[in-house]
Amino acid sequence: MPYTRTPLQWSLDWKSLIVILLALPLTIRLGFWQLQRADEKQQLLTAAQERRQQAAVDIATLNDYPNYRPVFALGQFDTQRYWLLDNRIRQGQFGYEIIALLNLADGRKVLVERGWIAADPSRQTLPQITWPEGKLRLQGELYKSLEEPFSLGEESPTNWPRRQQWFDADEVAREID
C-alpha cells in the first residue's frame, strides 16, 4: 500500500480565535516597546561616549555630576575612613572593592573607587591597604549608580574601615558632610 500524504488540516475554533485576537496586539505592542527602549539605550550610550571624549575638568568647578564625565581632583586620602564592599569576586577569588574618601582642598569630599583587593580566606582579618602619601592629582570619570542597592537586611556598621555588602551613596553623603 503506497503512502499518501494527507494535507495538513487546521480548524480554527472560537477559543483559539479569541486567544489570537488578544495576543497579537499585545505582542505587537511589546515589540514596539522593545524598539523604543533600544533607541533610548542607544541615546544613553551616545551621550556617555560624547562625555568621555571631553577634556578632564577640575571636579571642584562642577555644579552637577553627570555620569562618565572625565574629571580630575586635587586632594588627600582619608586613610582612616574607607569602605570595603564585601563578596566581590575576581577570577574565582573573593575580595573587596575599596571605596575611599578623598579630601579636596576646599573641604569637600569625593568618593573614589580604588579597585579590588583579595580577602583573607578565613575572613577573620581585613586586608592591609596601602595609601599614597601627600596631596594627589587623581584623574577618572564620574559615576553614580541610578539603581537602588539591594539588601536582605539593615547594615549599620560603626567602626572603620566599614565592611559592607552594599554601598548607599546618599546615606554616606549624609554621614560624611
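Against the numbered list (1) touching a Pro at 6+ places or on another chain (Cβ under 8 Å); (2) farther than 18 Å from residue 77 by Cβ; (3) part of a loop (DSSP other than H, G, I, E, B), residue 122 comes up short only at (1).
One residue stands out among those in segment 50-59 that are in contact (Cβ under 8 Å) with a residue 12 or more places away in the chain and in a helix (DSSP H, G or I): the one that is surrounded by the fewest Cβ atoms within 10 Å (Cβ to Cβ), which is 52.
Name the single residue, out of those in segment 14-49 being over 30 Å from residue 68 (Cβ atoms) and hydroxyl-bearing (Ser, Thr, Tyr), that is surrounded by the fewest Cβ atoms within 10 Å (Cβ to Cβ). For segment 14-49, the residue satisfying everything is 27. Looking only at segment 18-31, decide whether some residue is part of a helix (DSSP H, G or I), within 30 Å of residue 173 (Cβ to Cβ) and either in contact with a helix residue (DSSP H, G or I) (Cβ under 8 Å, 6 or more places away or on another chain) or hydrophobic (A, V, I, L, M, F, W, C) (or both). Looking for residues that are part of a helix (DSSP H, G or I), within 30 Å of residue 173 (Cβ to Cβ) and either in contact with a helix residue (DSSP H, G or I) (Cβ under 8 Å, 6 or more places away or on another chain) or hydrophobic (A, V, I, L, M, F, W, C) (or both), one finds none in segment 18-31, hence no.
Listed here are the residues, each with its yes/no results for (1) within 30 Å of residue 44 (Cβ to Cβ); (2) free of Cβ contacts under 8 Å to residues at least 24 places away in the same chain.
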position: 69; (1), (2): yes, no
position: 72; (1), (2): yes, no
position: 81; (1), (2): no, no
position: 90; (1), (2): yes, no
position: 98; (1), (2): yes, no
position: 108; (1), (2): yes, no
position: 115; (1), (2): yes, yes
position: 119; (1), (2): no, no
position: 163; (1), (2): no, no
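Which of the residues spanning segment 61-108 are among the hydroxyl-bearing types (Ser, Thr, Tyr) and either exposed (fewer than 12 other Cβ atoms within 10 Å of the Cβ) or on the phi > 0 side of the Ramachandran plot (or both)?
Just the residues of segment 61-108 that are among the hydroxyl-bearing types (Ser, Thr, Tyr), to begin with: 61, 65, 68, 79, 82, 96.
Result: 61, 68.
Which of the residues spanning segment 86-119 are in a loop (DSSP other than H, G, I, E, B), under 19 Å from residue 73 (Cβ atoms) and either touching a helix residue (DSSP H, G or I) at 6+ places or on another chain (Cβ under 7 Å) or of a type outside the set (Gly, Ala, Ser) (or both)?
The initial filter retains those residues of segment 86-119 that are in a loop (DSSP other than H, G, I, E, B), namely 91-92, 105-108, 119.
Among the residues that remain, those that are also under 19 Å from residue 73 (Cβ atoms) are: 105-108.
The answer is 106, 108.
For segment 109-137, the set of residues classified as among the charged types (D, E, K, R) and surrounded by 14 or more Cβ atoms within 10 Å (Cβ to Cβ) consists of 109, 113, 114, listed by residue number.
In this structure, residue 57 does not satisfy being modelled with pLDDT under 90 and within 22 Å of residue 167 (Cα to Cα). Name every residue in segment 125-177 that is modelled with pLDDT of 75 or more and aromatic (Phe, Trp, Tyr), in order of residue number. Hits for segment 125-177 are 131, 143, 160, 166, 167.
The values are calculated or read from the model by the stated rules, or taken from the named source; none is laboratory data. This structure is a prediction, so every number in the text was calculated from the model and none was measured. FYI the Cβ positions are ideal-geometry reconstructions off the backbone, even for glycines, and counts take in every protein chain you see.
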